[in-house]
Amino acid sequence: DCKVDYFVGDYLFRAGKYQESLAQAKQMEAGACKSYKRLNILFAYDYLRLNDTTQAKTAIDKYFAIADTANVTSDDYKLASAIHRRFPRSEAQAAGFLVTAMDKDTVQKNKMNYADTIAYIYKKANMPEKRLEWLQKSYKLNPKPSNFDVYNLGDAALSAKNYTLADSMFTKYKTDYPDQPQGFIMLIKSAQMQDSTGAKAVQPTDDYIG
C-alpha cells in the first residue's frame with residue numbers, strides 16, 4: 001500500500017535517517033507508487049535536509065504542479081517557502097507560499113509567525129519596505145507585543161525611512177521600558193538620520209543623558 005510505504009519513508013525522515021528515507025522514496029518511485037503525489041513531498045524534505053536544494057526545488061515544484069489545492073497542507077507551503085528562499089531572487093515566491101498558508105490558517109498566533117517569517121525573508125533580501133509591511137501586519141495581530149516586538153517594528157520603520165512610525169515606536173519603547181537604553185539610543189539615531197546637522201538629535205540626546 002502506497003500510504004504505508006510513504007509512512008515508512010516519512011518515519012525514517014523524522015528519525016533523522018535521511019539517506020534511508022531517500023532510498024525508500026526512490027524505491028517507491030521505481031514501483032507501483034511512482035504516481036503517488038505526496039512522494040514528491042518526501043523527496044523535497046530529504047533533498048533539502050541533505051542540502052541538495054536543486055533536487056528539492058524540482059520535487060516541490062512537481063508536487064505543486066500536480067497536487068489538488070484542497071489537499072495541500074500548511075506544512076507543504078512552509079516547506080516550499082523554505083526551499084525557494086535558498087535561491088537568489090526567489091523572495092517573492094518564498095513569501096507567496098507563506099501568504100497562502102497564512103490565509104488558510106485560522107490560529108492567530110500562527111498567522112503572526114507567518115508574517116514574522118515573511119518579514120525576515122524580506123529583511124534578508126534587503127527589501128525594507130516589504131519587511132516593514134509584514135511586521136506591521138504581525139504587530140496588529142499581536143495582543144501583547146513584547147519589548148522585542150516594539151523595537152523590531154521601530155527598526156524596520158527606520159530602515160524603510162518611515163521616521164514618523166519609527167519615532168512613535170521608539171518613544172513607546174522609551175516610555176514602557178525606561179530602564180533600558182534602546183529606546184533613547186534609537187530616537188537619537190532616527191534624529192541623526194533625519195537631520196545631518198545633528199540639531200534634531202540634541203533633545204533626544206539630552207533626554208538620554210538626563
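The values are calculated or read from the model by the stated rules, or taken from the named source; none is laboratory data. As the structure is a computational prediction, the values presented were derived from the model and not from experiment. Using ideal geometry, Cβ is built from the backbone for each residue, glycine included, and neighbour counts are taken over all protein chains shown. Accessible surface is based on the protein model in full, side chains and every heavy atom, while ligands, DNA and RNA are left aside. Shrake-Rupley method; radii C 1.70, N 1.55, O 1.52, S 1.80 Å.
Given the condition over 25 Å from Gln93 (Cβ atoms), surrounded by 14 or more Cβ atoms within 10 Å (Cβ to Cβ) and of a type in the set (A, V, I, L, M), answer yes or no: does some residue in region 23-37 qualify?
Yes, because at least one residue in region 23-37 is over 25 Å from Gln93 (Cβ atoms), surrounded by 14 or more Cβ atoms within 10 Å (Cβ to Cβ) and of a type in the set (A, V, I, L, M).
Can you confirm whether Lys111 is within 30 Å of Asp75 (Cα to Cα) and either open to solvent by less than 20 Å² (accessible area, probe 1.4 Å) or not hydroxyl-bearing (Ser, Thr, Tyr) (or both)? Quick ask: steps written out before the conclusion?
Details: within 30 Å of Asp75 (Cα to Cα): yes; either open to solvent by less than 20 Å² (accessible area, probe 1.4 Å) or not hydroxyl-bearing (Ser, Thr, Tyr) (or both): yes.
Considered against the rule, which asks whether it is within 30 Å of Asp75 (Cα to Cα) and either open to solvent by less than 20 Å² (accessible area, probe 1.4 Å) or not hydroxyl-bearing (Ser, Thr, Tyr) (or both), Lys111 comes out as yes.
Can you name the residue in region 182-201 that is over 16 Å from Lys161 (Cβ atoms) and outside any helix (DSSP H, G or I) and is also least open to solvent (accessible area, probe 1.4 Å) among such residues?
So in region 182-201, the residues over 16 Å from Lys161 (Cβ atoms) come out as 182-185, 188, 197-199, 201.
Now restrict to residues that are outside any helix (DSSP H, G or I): 197-198.
Details: Thr197: 108, Gly198: 29 Å².
Only one residue fits best here, namely Gly198.
Please go through region 117-140 and give me each residue that is open to solvent by 50 Å² or more (accessible area, probe 1.4 Å), in a helix (DSSP H, G or I) and under 13 Å from Ala94 (Cβ atoms), ordered by number.
Matches in region 117-140: Tyr120, Lys123, Lys124, Lys130.
Enumerate the pairs (first residue in region 89-101 and farther than 17 Å from Arg131 by Cβ and assigned to a helix (DSSP H, G or I); second residue anywhere and open to solvent by 40 Å² or more (accessible area, probe 1.4 Å) and not aromatic (Phe, Trp, Tyr)) with beta-carbon separation below 7 Å, excluding pairs fewer than 6 apart on the same chain, so at least 6 apart or on different chains.
Ala101/Lys78
Is it the case, given these coordinates, that Ser168 is more than 18 Å from the chain's Cα centre (by Cα) and surrounded by fewer than 18 Cβ atoms within 10 Å (Cβ to Cβ)?
On the way: more than 18 Å from the chain's Cα centre (by Cα): yes; surrounded by fewer than 18 Cβ atoms within 10 Å (Cβ to Cβ): yes.
So Ser168 fits the description; yes.
Please go through region 14-40 and pick out each residue that is under 31 Å from the mean Cα position of the chain (by Cα), under 18 Å from Tyr63 (Cα atoms) and assigned to a helix (DSSP H, G or I). Let's see the steps before the verdict.
Looking only at region 14-40, we keep the residues that are under 31 Å from the mean Cα position of the chain (by Cα), and these are 14-26, 36-40.
Still in the list and also under 18 Å from Tyr63 (Cα atoms): 21-22, 24-26, 36-40.
Hits for region 14-40 are Ser21, Leu22, Gln24, Ala25, Lys26, Leu39, Asn40.
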